[in-house]
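Here the structure is laid out as structure tokens; the discussion comes afterwards.
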Amino acid sequence: MKSALADTKRSSIKISPSWFDSFYHIDGKMPELTRRVYSLTNPVVDKEVEVKRALAIFRVHTGAGEYAPLLSESLQNFLKVFSTKVSVSCVSAVLTEHPEAQFGMLDYIELHRGDKVGYMPCVTSATQVTDVTRAPDADVHSNIAMTSAIELLNLLGCGMPSSFRLFPVYDAPSEEILDRIRSNLDVFTSRYNLAMEDYSSLKIGKLFYGTTAMASTTKEMPTRYDQIEQGMEIIVTNKFGGLLALNLYTLGRMDSENIIKYEQNEVSFASISEARDEAIKNLSEPHFALGKIITKYCPDFGAPFDKNAHIMAVHPVGSQGVFALGSLAELANSHLLVNELPVRNEEIARFATKEFLVENATASVNGCHLIVAARDVASLVIEDLKKHNFAPERIGVVAKKGAASVAFAKDISQFVASKAKLARLTTSPATLQ
């Protein structure tokens, strides 16, 4: 996405991809969200929204989405029809095999005037990994989309469920399935006491699960990438990996020959199934403890950061796996030295990579994030994370400022099949996946 957008020419909509966007939290007032959904290939804009900032979700055909020049052309054709200037930071892009299922969605965010008392970060998410054995209208699919967004807001220091607002993005081929999806959304939000606003389905007629979400915090957010210093430590909150089990399970269900291959290499399908069940549970059930831990190490709104008391920066790992370190290095403009790489089910990960069953065995489930802090703060954060069933580890340090790159003390090619992508990750400047 980043590479494709770099090649797009002049457009009134400026997209600078980030994993979140942030607005001020205005005392006693909530921002207004206006949603517009367009055909990606032939957008018709009757009346543009006169709001300067928005979040976006794009669903792109695989033929274009997997090749940057074609994706750039597709986005350029979409963006050129707009004339009102809009800034978009948080954007999600997902692939589809169906050309008619493509769309571009803009959620415009408008603030009210008033006293600034904190921040209101906003994110988008879309279900790309799910339980393929369940029915299309099963609750797990929408739960995963909601939980993914909540997880990102928790990482930004939002830990109070009452401050969350969800704006589901969904679609289905029949009204019967749509009704069940709406019921599933109601059950999920009621269970966790979350506010939800239903803007109706996309009305395209193809299954889709996603959401825009926002929450408030009266603290500063731990995203001071420019204040990261040499010598600060890098923590991973849980081991890398987790999505591997879902991939291996699906491959096994699709072709029993794969199960035979697993067993011949002393990898039992029963253990894969157990790990897969754990991953699905992780992806579909939010854990607000993360937000409460993060906010504990953030200064009050408007107060300066103290490197001896506060987390300096965070970054999600997610499906990027180790490539998230490249993203962090670029944001911090730093050389990261990674001494340890804890991976779930390490032997299975090596086997799957060696057999080219997966491209990236470090792709991770929820709960796996990067935290940068001074050593003493890192020790305190690790203690708190362990109290809430995380398995945090120190994995490296910020070795040098001024050039974005990542160096690994251990051979990570045993967990990532693409040598070309690894070469880009470990070459300065770090290249985002």
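The values are calculated or read from the model by the stated rules, or taken from the named source; none is laboratory data. None of these values were measured; they are calculated from a predicted model. Here the Cβ is made from the backbone with ideal geometry for all residues, glycine too, and neighbour counts use every protein chain on show.
Tabulated values for the structure
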item	result
Only one of SER183, SER190, SER200 that is out of contact with any Gly (no Cβ under 9 Å at 6 or more places or on another chain) and on the phi > 0 side of the Ramachandran plot	SER200
Checklist (1) within 20 Å of HIS388 (Cβ to Cβ); (2) of a type in the set (Gly, Ala, Ser); (3) touching a Ser or Thr at 6+ places or on another chain (Cβ under 7 Å) applied to SER162, failing item	(3)
Meets criteria (assigned to a loop (DSSP other than H, G, I, E, B) and among the aromatic types (Phe, Trp, Tyr)) for PHE82	yes
Residue match in the range 76-85 (condition: within 25 Å of ALA213 (Cβ to Cβ), in contact (Cβ under 8 Å) with a residue 12 or more places away in the chain and within 23 Å of the chain's Cα centre (by Cα))	no
Subset of the range 208-237 [of a type in the set (A, V, I, L, M) and within 20 Å of the chain's Cα centre (by Cα)]	ALA213, MET214, ALA215, MET221, ILE234, ILE235, VAL236
Residue count for the range 92-116, restricted to those that are modelled with pLDDT under 95, closer than 20 Å to CYS158 by Cα and among the β-branched types (Val, Ile, Thr)	0
Criterion (buried (at least 20 other Cβ atoms within 10 Å of the Cβ) and more than 30 Å from PHE301 (Cα to Cα)) met by exactly one of LEU79, LEU106, LEU95, LEU70	LEU79
Tabulated pairs, the range 123-134, first within 17 Å of GLY242 (Cβ to Cβ), second crowded, with 20+ Cβ neighbours inside 10 Å and aromatic (Phe, Trp, Tyr), C-beta under 6 angstrom, 6+ apart or interchain	THR127/TYR209
Every pair of residues 6+ apart whose Cβ atoms lie under 7 Å, when the first sits in the range 163-177 and is aromatic (Phe, Trp, Tyr) while the second is at pLDDT 95 or above and surrounded by fewer than 19 Cβ atoms within 10 Å (Cβ to Cβ)	PHE164/ALA195; PHE167/GLU197
Single residue of ASN238, ASN282, ASN265 found to be touching a residue at least 40 places away in the same chain (Cβ under 8 Å) and either outside the structural domain of ASN339 (by TED's automatic domain parsing) or over 23 Å from LYS387 (Cα atoms) (or both)	ASN265
